[in-house]
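Each remark here refers to the structure printed beneath this line.
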Amino acid sequence: MKRVALVFVLAVFVPSLVLAWLAVRSLRDQQFLLERQQSLLYQGVADARAKAVQDALGEYEHAFAAEVASVVGKQSPRDAAKSFDDLLRRDWPLAQVGFAVTLSGEILSPPPYGRNEARKFYTDNGRFLASREMVEVYSNPKQAISGLNVANNAALLNNSAFPNAQPQPQSPSFGQTEANADFNKRSPGSKSQQARNVYPQQQAGSFQKVPAPEDTQQQFSKLAASEAEFRQLIGEDNEGALARFVDNRLNVLFWCRPPRDPQLVFGVQLALPRLIESLRPVVQQVEPALRGEICVALLDDTAKPVALSYPGFRATWKHPFVATEIGEILPHWEIAVYLLNPAWLTQSARALQLTLGLLISVLLVAIGIGSWLIVTDLNRQLKLARQKTDFVSNVSHELKTPLTSIRMFSELLAEGRVTDPAKQRSYLGIITAETARLTRLINNVLDFARIERGEKKYHIQPCDLAEVVRETAETYRPHLEASGFQFECEVPDSALMVNGDRDALAQVIVNLLSNAEKYSDSQKEIAVGLEQRTSPLPYAEVRVLDRGLGVPHGCGEKIFEQFYRAHDSLSSGIQGSGLGLTLARQIARAHGGDVVYEPRAGGGSCFSLRLPLLAQEQVRNPKPVI
Ligand code: ADP
């Protein structure tokens, strides 16, 4: 049995636990995967919107060049340059101030004492455009705006037109946000890098993930400002865009040189509110399937939303789910993606975890219960197999004993060696008794086999139980008395009618009498009684009492199990098959009654056969034979 348990532990439990552990692990991976999938999906959305904004800016830049071409096509570039501010603003709505400057540093437009906006522009940018002052700018001379991964501007400048230009840390007075300032204070070593305005959750490790080194890197802006003069900046190029912060306010400038007069540079400072208005539809183009999940926002350089795909949405703007920088033309502006229901990811991950966890638990419990049932059944089968082996040896023994007696006494008689008639009668009596015992045993075994196969047939009909008991007891009496038993039989004279098979009922009584004889010790007293009882329903009770060994404590029910023997042959020396009581109970139950055991007061056993009594009308109209 221990071996079976061990096999089960090794073959079922341990593998199940390992499987459960693997399942729980994969559960954690599933959660991570879900988060990763979502972040990749939304990062794709942010990248696509940022690219769309860049493309739109690129188109505006070309549109500006076309506008310049049309202006200088109608008149000489020099003439056009003088009134360029007015001409441009009239025809191009994105223009806030149009300017024209010669490469030698002469500003032809706007006039220094014109309208307010022009005057301010002149003050802010005059010295820079005249190449008399170096300022920090974000520039894009080669139209890199069409690509998403905008190259580090400083690197570009270093490698090409401005070998002396160095990437500079952005000073707080130059449009740097508080966050940037804080960051630079914290990281004095990383001055050449500028911190981003936003901290995307997927890079800040909000899902209990330790951010990977490359993730941490992404908290820095890909852009860097460079100090340059305007002339250095445009170099040999024909058109371009640049951005600079003046008093923390972003100025975006487009410029181009007409082929007819490359010494002249025409440019424009964009009207930011109108630019934002024109970019709004671009930001709002979110896939319909994702509109219910996310809000896409265009954040300005102070991390304030200027355009939203989901009107009325509120969030902690600095902490989007994912975000992408726009590029040099709108430095520190970002496309940020926010979850409309931030708890959804955690909720669905938890739900998944809970479902799989429950499933695993249920499976484990099922495996546990299944294993227990199998072990119990195996145990039962093993016990039965052992009992069957015992049964075979017991039956063989039981057959052998009467056969030996029969053979011995019949040989004595056959050889004529016993001449005394009294002895002859005694020997013949023994032979008869042993034959009866043999018959009883064989009948029991055969009947048991029939009942097991469901082939046992009873000839049920109304019969007088008192008569059956009396006849059986009287048949058995000579044998008992010959064996020295004091035998009493108290059966009422009146009939007690039951529905039953006479032979089967007689077999039950004989089995009980036989047991009483077998398990009697020195006090050889057996009594049979028949009584009528009325509660709860009228029934007859045949009681077989002895003063023998009694049934050991706790075995009162087990003795009715097949092959079970409370007194085994070895220790008690009493032969038996363990079938007598099983059969007795099965027969009694087939008659609607039962056989029960109770210890007898004063020592010994009391076995009772209880059968329901027939009502008068049932006696008159008997049931058909089964
Ligand atoms: P067996 O062939 O062993 O007698 P039974 O089914 O008739 O098989 O009885 C089952 C067990 O019940 C016996 O082995 C014995 O231990 C116990 N038993 C039956 N009758 C008596 C009795 N009258 N007194 C004591 N024990 C009994």
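The values are calculated or read from the model by the stated rules, or taken from the named source; none is laboratory data. All figures in this text were calculated on a predicted structure; none of them were measured in a lab. FYI the Cβ positions are ideal-geometry reconstructions off the backbone, even for glycines, and counts take in every protein chain you see.
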One residue from Ala100, Ala81 being in contact with a Lys or Arg (Cβ under 8 Å, 6 or more places away or on another chain), of a type in the set (A, V, I, L, M) and in contact (Cβ under 8 Å) with a residue 60 or more places away in the chain
Ala100
Name the one entry in Asp594, Asp568, Asp521 that is farther than 30 Å from Gly454 by Cα and among the acidic types (Asp, Glu).
Asp521
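Residue-wise test of (1) in a helix (DSSP H, G or I); (2) among the aromatic types (Phe, Trp, Tyr); (3) more than 19 Å from Ala241 (Cβ to Cβ); (4) touching a Ser or Thr at 6+ places or on another chain (Cβ under 6 Å).
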| site | (1), (2), (3), (4) |
| --- | --- |
| Val72 | yes, no, yes, no |
| Arg89 | yes, no, no, no |
| Gln96 | no, no, no, no |
| Gly105 | no, no, yes, yes |
| Lys120 | yes, no, yes, no |
| Asn125 | yes, no, no, no |
Applying the selection to the range 439-452, what residues are without any contact (Cβ under 8 Å) to a residue 12 or more places away in the chain and touching a Lys or Arg at 6+ places or on another chain (Cβ under 8 Å)?
Arg450
Report yes if Arg440 is farther than 30 Å from Phe391 by Cβ, surrounded by 13 or more Cβ atoms within 10 Å (Cβ to Cβ) and among the basic types (Lys, Arg), otherwise no.
no
List every residue pair whose Cβ atoms lie under 6 Å apart, where the two residues are 6 or more positions apart in sequence or sit on different chains, the first residue falls within the range 528-554 and is over 25 Å from Ala466 (Cα atoms), and the second residue, located anywhere, is assigned to a loop (DSSP other than H, G, I, E, B) and among the charged types (D, E, K, R).
Gly548/Asp521; Leu549/Asp521
Among Glu455, Glu488, Glu481, which is without any contact (Cβ under 8 Å) to a residue 60 or more places away in the chain, surrounded by fewer than 18 Cβ atoms within 10 Å (Cβ to Cβ) and farther than 18 Å from Glu517 by Cβ?
Glu455
Tally of residues being under 15 Å from Phe121 (Cβ atoms) and surrounded by 20 or more Cβ atoms within 10 Å (Cβ to Cβ) across the range 236-264:
10
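Condition check ((1) touching a strand residue (DSSP E or B) at 6+ places or on another chain (Cβ under 8 Å); (2) surrounded by 14 or more Cβ atoms within 10 Å (Cβ to Cβ); (3) at pLDDT 90 or above) across all residues:
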{"position": "Thr316", "(1), (2), (3)": "no, no, yes"}
{"position": "His319", "(1), (2), (3)": "no, yes, yes"}
{"position": "Ile326", "(1), (2), (3)": "yes, yes, yes"}
{"position": "Ile335", "(1), (2), (3)": "yes, yes, yes"}
{"position": "Trp344", "(1), (2), (3)": "no, no, no"}
{"position": "Leu354", "(1), (2), (3)": "no, no, no"}
{"position": "Ile374", "(1), (2), (3)": "no, no, no"}
{"position": "Leu384", "(1), (2), (3)": "no, yes, no"}
{"position": "Val392", "(1), (2), (3)": "no, no, no"}
Answer yes or no as to whether Arg470 is at pLDDT 90 or above, among the charged types (D, E, K, R) and surrounded by 15 or more Cβ atoms within 10 Å (Cβ to Cβ).
yes
Residue within the range 483-503 that is among the acidic types (Asp, Glu) and within 16 Å of the ligand (Cβ to nearest atom) present
yes
Those helices (runs of 4 or more DSSP H) lying entirely in the range 510-626 with at least 3 residues more than 8 Å from the ligand (Cβ to nearest atom) and buried (at least 18 other Cβ atoms within 10 Å of the Cβ)
580-590
Scan the range 292-350 residue by residue and report those that are out of contact with any helix residue (DSSP H, G or I) (no Cβ under 6 Å at 6 or more places or on another chain) and aromatic (Phe, Trp, Tyr).
Tyr310, Phe313, Trp317, Trp333, Tyr338, Trp344
Taking the range 408-422 and keeping only residues that are closer than 15 Å to Thr432 by Cα and of a type in the set (Asp, Glu), one is left with Glu411
Can you confirm whether the range 16-24 contains a residue that is free of Cβ contacts under 8 Å to residues at least 12 places away in the same chain and of a type in the set (Val, Ile, Thr)?
yes
Quick check on my filter: what residues within the range 366-416 are over 20 Å from Leu441 (Cα atoms), of a type in the set (Ser, Thr, Tyr) and free of Cβ contacts under 8 Å to residues at least 24 places away in the same chain?
Thr376, Ser410
Could you go through the range 492-506 and let me know if any residue there is among the β-branched types (Val, Ile, Thr) and not in a strand (DSSP E or B).
no
Which condition number in (1) part of a helix (DSSP H, G or I); (2) of a type outside the set (D, E, K, R); (3) out of contact with any Cys (no Cβ under 7 Å at 6 or more places or on another chain) is the one that Val68 fails?
(3)
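Residues are listed down the side, and each one gets a yes or a no for (1) over 19 Å from Leu549 (Cα atoms); (2) over 60 Å from the mean Cα position of the chain (by Cα):
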residue	(1), (2)
Val468	yes, yes
Arg477	yes, yes
Glu481	yes, yes
Phe485	no, yes
Asp493	yes, yes
Val498	yes, yes
Ala506	yes, yes
Asn511	no, no
Could you grab me the full set of residues in the range 242-261 that are farther than 18 Å from Met134 by Cα and assigned to a loop (DSSP other than H, G, I, E, B)?
Arg257, Pro258, Pro259, Arg260, Asp261
If we keep just the residues of the range 491-509 that are in contact with a strand residue (DSSP E or B) (Cβ under 8 Å, 6 or more places away or on another chain) and free of Cβ contacts under 8 Å to residues at least 60 places away in the same chain, which is surrounded by the most Cβ atoms within 10 Å (Cβ to Cβ)?
Val491
